Amino acid sequence: MIRLKLFGDEVSLVISTLADGNMRAFSNEEFDSVLADQTKLVAELGVAPEKTARVLTTYNNRKCFTEYYVVDNDSIFEHAITAPEVKLKLADGLVTNNKDLALLLPLADCLGIIVYDQEHRIIGLLHSGRQNLEEDGAFKFIGFLQKRFDIDPRNVKVYFSPHAQNFEIFALNNAKLAEAAEEQLVRAGVDAKNIERSDIDTVTNSDFPSNSAGDKTTRFAVAVKMN
């Protein structure tokens, strides 16, 4: 497990590794064991599983990969990791201004983007895979935050999770995931100096599961909360 303090200790981040178990259930039989692994992960943030919202995305039967929602105490039940997938609301990105809630995103090779605005005390977690980025997803996520919270993108701070560092997106002139995401964020008004990147490559680092490297059934996760 990797534990980080981001943005001047304003945000706590935990990143699981293979040693911490599997962070996504691909069958009903796996749900209890995955929830147990997820619960141990978010316990590092001091958060209970029923107060942890999961970014649940899927590639099946979807035409839009830029669905974003605000999570609060009234809507946590739509996203909490304690609920089976079939009962969760699909989302490509979540945001909260509640410091008592955590956000969790299972990943293999895709890019997880953590977004924080200190002035408005909001934190967001975005799943930026090929489909989301092809739809200008990082740019639209900042627009979503502007519309809902009236943020100034110049104040936003960003962290890129471990991901497949050399995965290229053909439809975006073969840009790599982080390159495409950064271009979209900067175009949305984020200062490039406020973007931090993990240097972990999930394809080559044996501590992480990688879809590209042949692991189709295991996921690691990133989980974040405001301090």
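The values are calculated or read from the model by the stated rules, or taken from the named source; none is laboratory data. Note that the structure is predicted; figures quoted are calculated from it, not measured. When we count neighbours, we look across all protein chains shown, and the Cβ atoms used for this are built from the backbone with ideal geometry, even at glycine. Quick note on the areas: whole protein, heavy atoms, side chains included, nothing else; ligands and nucleic acids left out. Shrake-Rupley method; radii C 1.70, N 1.55, O 1.52, S 1.80 Å.
For the range 123-151 and the range 170-195, what is the separation of their Cα centres, given in Å?
Taking the Cα centre of the range 170-195 as reference, the centre of the range 123-151 is 12 Å away.
Please report the net charge: other residues with Cβ closer than 14 Å to the Cβ of A213, K and R +1, D and E -1.
Here the count lands on -2.
Please find the FRET efficiency linking T217 to I2, where r is the Cβ-Cβ separation and R0 is fixed at 25 Å, and quote it to the nearest 0.05.
0.70
Mind listing the phi-derived Karplus ³J(HN,Hα) values for the range 199-210, rounded to whole Hz, using 6.51, -1.76 and 1.60 with θ = phi - 60°, and x for any glycine or proline?
Residue by residue, the range 199-210 yields 9, 7, 9, 5, 6, 9, 8, 6, 7, 10, x, 9 Hz.
Share of the range 1-74's accessible area from carbon and sulfur, percent, 1.4 Å?
47
With θ set to phi - 60°, apply the Karplus curve 6.51 cos²θ - 1.76 cosθ + 1.60 along the range 108-118 and write out the HN-Hα couplings as whole Hz, x wherever there is a Gly or Pro.
10, 10, 6, 8, x, 10, 9, 10, 9, 10, 5
Using a 10 Å cut-off on Cβ atoms, rank the peptides 86-92, 191-197, 176-182, 118-124 from the highest mean neighbour count down.
176-182, 118-124, 86-92, 191-197
What would the Debye formula give as log10 I(q)/I(0) at q = 0.08, 0.10, 0.12, 0.18 Å⁻¹ for the alpha-carbon point model of the chain, no solvent?
Log-scaled intensity ratios, in q order: -0.24, -0.39, -0.57, -1.45.
Taking a quarter of the surface of the Cα convex hull of the range 117-227, what do you get in nm²?
Computed as one quarter of the Cα hull surface, the answer is 7.5 nm².
Find which of L90, V158, G46 sits farthest along the positive direction of the dipole of the chain, computed with +1 on the beta-carbon of Lys and Arg, -1 on that of Asp and Glu, about the Cα centre.
L90
How much length, in nm to one decimal, is gained on full extension between F149 and E44, taken as 0.36 nm per residue of separation minus their Cα-Cα distance?
The F149-E44 span can extend by a further 35.0 nm.
Once amide H atoms are built 1.01 Å from N in the peptide plane, which residues 5 or more positions from A221, or in another chain, come under 5 Å H to H?
S16, L107
Using the Cα centre as the reference, give the magnitude of the dipole from point charges on the C-beta atoms of the range 101-227 (Lys, Arg: +1; Asp, Glu: -1; all else neutral), rounded to the nearest 20 debye.
360
Send over a whole-number figure in Å² for the accessible area per residue of the range 26-174, probe 1.4 Å.
That works out to 45 Å² for each residue.
With a/c under 1.5 counting as rounded, go ahead and sort the range 1-104 into rounded, prolate or oblate using the C-alpha gyration tensor (a ≥ b ≥ c being the square roots of the eigenvalues; past the cut-off, prolate if a/b is larger than b/c, else oblate).
oblate
By the gyration tensor of its Cα atoms, with a ≥ b ≥ c the square roots of the eigenvalues, what is the shape of the range 69-130: rounded for a/c under 1.5, prolate for a/b over b/c, or oblate?
Cα axes put the range 69-130 in the oblate bin.
With each label point set 7 Å from Cα along the Cα-Cβ vector, what nm distance links S27 and R197?
Going from the S27 label point to the R197 one covers 3.9 nm.
Tell me, what ³J(HN,Hα) does each residue in the range 129-138 have, in order and in whole Hz, if you take phi through Karplus 6.51 cos²θ - 1.76 cosθ + 1.60 with θ = phi - 60° and put x for Gly and Pro?
Per residue, the Karplus-derived 3J(HN,Hα) values read x, 4, 5, 4, 6, 5, 9, 6, x, 5 Hz.
So what is the calculated 222 nm ellipticity per residue for the chain, using -39500 (n - 2.57) for each DSSP H run with n of 4 or more, over all residues, to the nearest 500 deg cm²/dmol?
-5500 deg cm²/dmol
Taking only the C-alpha atoms, wrap a convex hull around the range 41-150 and report its volume per residue in Å³ as a whole number.
Each residue corresponds to 105 Å³ of Cα convex hull volume.
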